[in-house]
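**Student:** Pasting in a structure now, in structure tokens, and then I'll have a few things to ask.
The values are calculated or read from the model by the stated rules, or taken from the named source; none is laboratory data. Just so it is clear, the structure is predicted and the values come from calculations on it, not from any experiment. Counting neighbours? That spans all protein chains shown, and the Cβs are built from the backbone with ideal geometry, glycine included.
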Amino acid sequence: MATSFLRFADVELAAEPLVIGYLRRRNIRTLEPEANTMGYDLLCRARRRVRSARFSEVRVQVKSRYQADCDRTVPVKKSTLREFDFLVIVFLNIGRFGHGKDGSTGARDPEVFTLTAGLARKLFQDKPKWSKVSLRGVETKLERCKGEQGFEQIAKALGIPRPLRPVAPTR
């Protein structure tokens, strides 16, 4: 008997707003392009051109999985690999659904990984049924891409400094 895919409409929509929130929290201007833009979901822009910045704008593709016990892969079409500058992978971890589990256990905090396009291409697997980017077995090597450190890569590419309060010198 074939396993049917579970679809949760609201959960599927959770990843992009979550990523937008994290990027804006880091003071990165984040916009959603027109619907059905091929190959990327978000545009991040610098507020003004910084000489040290590599880009004035970056394209971000967001992919997610909701299962806490997923295989640590996300589907990515080969044709879109050159359309984004960063791939943000969100493991929403809402519960365990594999091997007869119903999702009522195993929930934990979301995990977010920000990969450069080059790294995404290295981790890409072109399979006949399902082309994907896989983090399985390499997650410990991706600490620089996880959470806030990952979003810092986007800020650095845009030349966006960390938001800080100027401190008056002490006398």
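Yes/no per residue for (1) small (G, A, S); (2) surrounded by 14 or more Cβ atoms within 10 Å (Cβ to Cβ); (3) farther than 28 Å from K156 by Cα:
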position: G98; (1), (2), (3): yes, no, yes
position: A107; (1), (2), (3): yes, no, yes
position: V112; (1), (2), (3): no, yes, no
position: L119; (1), (2), (3): no, yes, no
position: W130; (1), (2), (3): no, no, yes
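**Student:** So, in region 48-65, exactly how many residues are modelled with pLDDT of 95 or more and over 20 Å from L123 (Cβ atoms)?
**Tutor:** 0
**Student:** Could we say that D126 is in contact with a Gly (Cβ under 9 Å, 6 or more places away or on another chain) and among the charged types (D, E, K, R) here?
**Tutor:** Against the criterion (in contact with a Gly (Cβ under 9 Å, 6 or more places away or on another chain) and among the charged types (D, E, K, R)), D126 does not qualify.
**Student:** Turning to a different aspect of this structure: Anything in region 51-88 that is out of contact with any strand residue (DSSP E or B) (no Cβ under 7 Å at 6 or more places or on another chain) and aliphatic (A, V, I, L, M)? List them, or say none.
**Tutor:** Answer for region 51-88, where residues must be out of contact with any strand residue (DSSP E or B) (no Cβ under 7 Å at 6 or more places or on another chain) and aliphatic (A, V, I, L, M): just A53.
**Student:** Now for a different question. Please list, ordered by first then second residue, the pairs with beta carbon atoms under 8 Å, 6 or more apart or interchain, first in region 62-84 and surrounded by 16 or more Cβ atoms within 10 Å (Cβ to Cβ), second among the aliphatic types (A, V, I, L, M) and assigned to a loop (DSSP other than H, G, I, E, B).
**Tutor:** As it stands, the answer is K63/V76; S64/A14; A68/A107; R72/L135; T73/L135, since those pairs meet every condition given.
**Student:** Identify, by number, the condition in (1) part of a loop (DSSP other than H, G, I, E, B); (2) closer than 28 Å to R26 by Cβ that R121 doesn't meet.
**Tutor:** Going through the list (1) part of a loop (DSSP other than H, G, I, E, B); (2) closer than 28 Å to R26 by Cβ, R121 breaks only (1).
Results for (1) under 15 Å from the mean Cα position of the chain (by Cα); (2) farther than 21 Å from A15 by Cβ, shown as yes or no for each residue.
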{"site": "L81", "(1), (2)": "yes, no"}
{"site": "L92", "(1), (2)": "yes, no"}
{"site": "R96", "(1), (2)": "no, no"}
{"site": "G100", "(1), (2)": "no, yes"}
{"site": "G106", "(1), (2)": "no, no"}
{"site": "E111", "(1), (2)": "yes, no"}
{"site": "L123", "(1), (2)": "yes, no"}
{"site": "I160", "(1), (2)": "no, yes"}
{"site": "P163", "(1), (2)": "no, yes"}
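**Student:** For region 152-166, enumerate the residues that are basic (K, R) and either in contact with a Gly (Cβ under 6 Å, 6 or more places away or on another chain) or in a helix (DSSP H, G or I) (or both).
**Tutor:** K156
**Student:** If you go through region 132-151, how many residues are surrounded by fewer than 18 Cβ atoms within 10 Å (Cβ to Cβ) and either in contact with a Gly (Cβ under 9 Å, 6 or more places away or on another chain) or assigned to a loop (DSSP other than H, G, I, E, B) (or both)?
**Tutor:** 5
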